[in-house]
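Contents: one structure, followed by commentary.
The values are calculated or read from the model by the stated rules, or taken from the named source; none is laboratory data. Only a predicted model underlies this, so the values are computations on that prediction, with no experimental measurement involved. A quick note on method: Cβ atoms are made from the backbone with ideal geometry, for glycine too, and the neighbour counts reach across all protein chains shown. Areas reflect the complete protein model, heavy atoms only, side chains present, ligands, DNA and RNA absent. Shrake-Rupley method; radii C 1.70, N 1.55, O 1.52, S 1.80 Å.
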Amino acid sequence: MKFFIDTANLEEIKKAAALGVVDGVTTNPSLVAKEGDVDFHTRIKEICELIDGPVSAEVISLDA
């Protein structure tokens, strides 16, 4: 079984990763928006730098 944290909050991700039980992160535009004035792409890059595992970033777009 793998455990993923569902957030875009960097402090929450750091704390969960420090516990050693987080395998990856899932997030989406709504969770990033809750973090305030944060660029979506920048936040995803920051998350990828923190986690040594899969990052699932759901997106909304009419274009591929």
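A few remarks follow.
- Between the helical axis of 10-19 and the longest alpha-carbon principal axis of the chain there is an angle of about 20 degrees.
- Dividing the summed -39500 (n - 2.57) terms of all DSSP H runs of n ≥ 4 by the residue count of the chain sets its mean residue ellipticity at 222 nm at -11500 deg cm²/dmol.
- Amide proton proximity set for Val55, modelled H, under 5 Å, gap of 5+: Val25
- Put a plus charge on the Cβ of each Lys and Arg, a minus charge on the Cβ of each Asp and Glu, and nothing anywhere else: the dipole of the stretch 4-57 about its Cα centre is then about 40 debye.
- Probing with 1.4 Å while keeping every protein chain in the model, the per residue accessible area of the stretch 4-57 equals 61 Å².
- Eigenvalues of the alpha-carbon gyration tensor of the stretch 4-57, scaled by 5 and square-rooted, set the equivalent ellipsoid semi-axes at 18, 10, 9 angstrom, largest first.
- Taking the longest Cα principal axis of the chain as reference, the axis of helix 40-50 is set at about 10 degrees.
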